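Only one structure is covered here, and it is reproduced in the block below.
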Amino acid sequence: MAEILKAKPVVDAMKEELTKRVEALKAKNIAPKLGIIRVGARPDDLFYEGGAKKTCAGIGMESEVFEFPVDIAQEALEKAVKEIGAKKDVHGILMFFPLPDTLDSKKIRELIPVEKDVDCLTTAGAAKIFTDDPTGFPPCTPTACMEMLHHYNVQLKGKKCTVVGRSLVVGKPLAMLLLREHATVTICHSRTEDLPSVCKESDLLIAAVGKAKMIKGNYVKPGQVVIDVGINPDPENPGKYCGDVDFQAAEPIVARISPVPAGVGSVTTSVLCKQAIMACELQNGIK
Ligand code: NAP
């Protein structure tokens with residue numbers, strides 16, 4: 001039976017550390033704040049926003065939602081994002097994408113100041129990650145994977161790590177973060193030949209594909225660590241979610257595996273707060 005790498009111990013440890021950092025900032029009369037920019041009211045955005053606000057409140061940190069109607073004009077949203085970006089009391093910004101088709105998303109996202117870009121939405125933010133700039137904020141999901149790996153002391157140096165998925169939000173930045181820690185990284189995608197064999201060769205397998213239960217028993221091997229980033233509607237259990245890994249098939253084989261739900265996805269809002277606190281510290285010359 002594999003060890004289940006649950007999110008809760010990771011989240012609890014992060015909460016303790018972040019609460020102390022917020023207290024230390026408040027002792028200097030600095031109140032760290034996360035700004036959340038939302039256009040419209042998509043259920044997924046509202047769900048994530050609720051989680052982010054709750055996590056902020058739980059560590060004594062402020063958050064403020066800036067909400068705009070779906071029919072907002074490009075110029076009006078550009079003006080608003082610039083104004084929010086310039087607010088001295090907002091240290092980190094989360095903005096929900098995609099925006100409605102009537103808006104130029106690329107132009108809007110680039111208006112977020114890089115020093116407040118705590119979810120790596122801008123090109124300048126991404127450049128920092130790919131150049132190993134320590135003042136950069138990687139996207140929250142790959143960072144949540146790294147928090148899980150660190151918390152559970154998964155060895156990375158010199159190890160073979162396979163990341164399935166090459167999106168700019170998860171796969172590519174995750175590969176950079178693993179490389180930083182001296183893993184030997186293979187990035188797979190939809191054109192990879194003989195994917196099961198490539199996955200099976202690795203010490204650490206991370207699935208970020210977006211295909212429910214695609215990683216079957218023949219993709220994994222004994223001794224392996226498996227991190228499942230996927231969040232998909234479960235085809236066998238309507239109304240429930242499942243990962244990209246077929247947990248029932250993989251768990252009896254591998255050494256350690258993260259579940260879905262209660263895995264990587266549950267760590268992302270803590271990462272968001274951690275990065276906003278770090279942004280606040282950097283903006284105040286504390287780190
Ligand atoms: P995405 O942009 O759709 O990218 C999916 C990647 O998987 C692409 O690189 C694609 O390859 C690859 N892929 C698709 N089918 C494949 C196949 N049959 N074999 C091998 N590779 C295949 O998705 P994403 O935004 O990175 O998200 C990935 C998963 O993570 C989703 O389940 C999403 O819900 C989840 N997610 C979770 C969180 C969280 O907080 N835990 C956050 C964001 C996303 P190509 O490049 O060749 O098309």
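Computed from the coordinates by the stated procedures, all read-outs in this text should not be read as laboratory data. Computed from a predicted model, the values in this text were never measured in an experiment. In this analysis, Cβ positions are derived from the backbone assuming ideal geometry, glycine residues included, and neighbour counts consider all displayed protein chains.
Between the range 177-233 and the range 49-77, the alpha-carbon centres lie 33 Å apart.
Sequence-distant contacts, meaning Cα pairs under 8 Å at least 6 residues apart, place the relative contact order of the range 140-266 at 22 percent.
With neighbour counts taken as other beta-carbon atoms within 10 Å, the residues M1, M61, M176 rank, fewest first, as M1, M176, M61.
Beta bridges assigned by DSSP with both partners in the chain are antiparallel in approximately 5 percent of cases.
Shown in residue order for the range 162-167 are the 3J(HN,Hα) couplings computed by the Karplus curve 6.51 cos²θ - 1.76 cosθ + 1.60 at θ = phi - 60°: 10, 10, 9, x, 10, 6 Hz (x for Gly and Pro). Taking other C-beta atoms within 10 angstrom as a stand-in for reagent exposure, D194, D12, D203 fall in the order D194, D12, D203, fewest first. Listed peptides 99-108, 208-217 appear in the order 208-217, 99-108 once ranked by packing, highest mean of other Cβ atoms within 10 Å at the front. What the phi angles of the range 186-200 give under the Karplus curve with 6.51, -1.76 and 1.60, with θ = phi - 60°, is a coupling list of 10, 9, 10, 7, 5, 9, 5, 7, 6, 3, x, 5, 4, 5, 5 Hz, glycine and proline written as x.
Using the Cβ-Cβ distance between A255 and E78 with R0 set to 35 Å, the FRET efficiency from 1/(1 + (r/R0)^6) comes to roughly 0.10.
Highest mean packing comes first when the peptides 79-88, 157-166 are listed by Cβ atoms within 10 Å, giving 157-166, 79-88. Dividing the helix sum by the residues of the chain, where each DSSP H run of 4 or more adds -39500 (n - 2.57), gives a mean residue ellipticity at 222 nm of -11500 deg cm²/dmol. Taking the number of other C-beta atoms within 10 Å as the exposure measure, put I277, I30 in order starting with the fewest. Ordered from fewest to most neighbouring Cβ atoms within 10 Å, I277, I30 come out as I30, I277.
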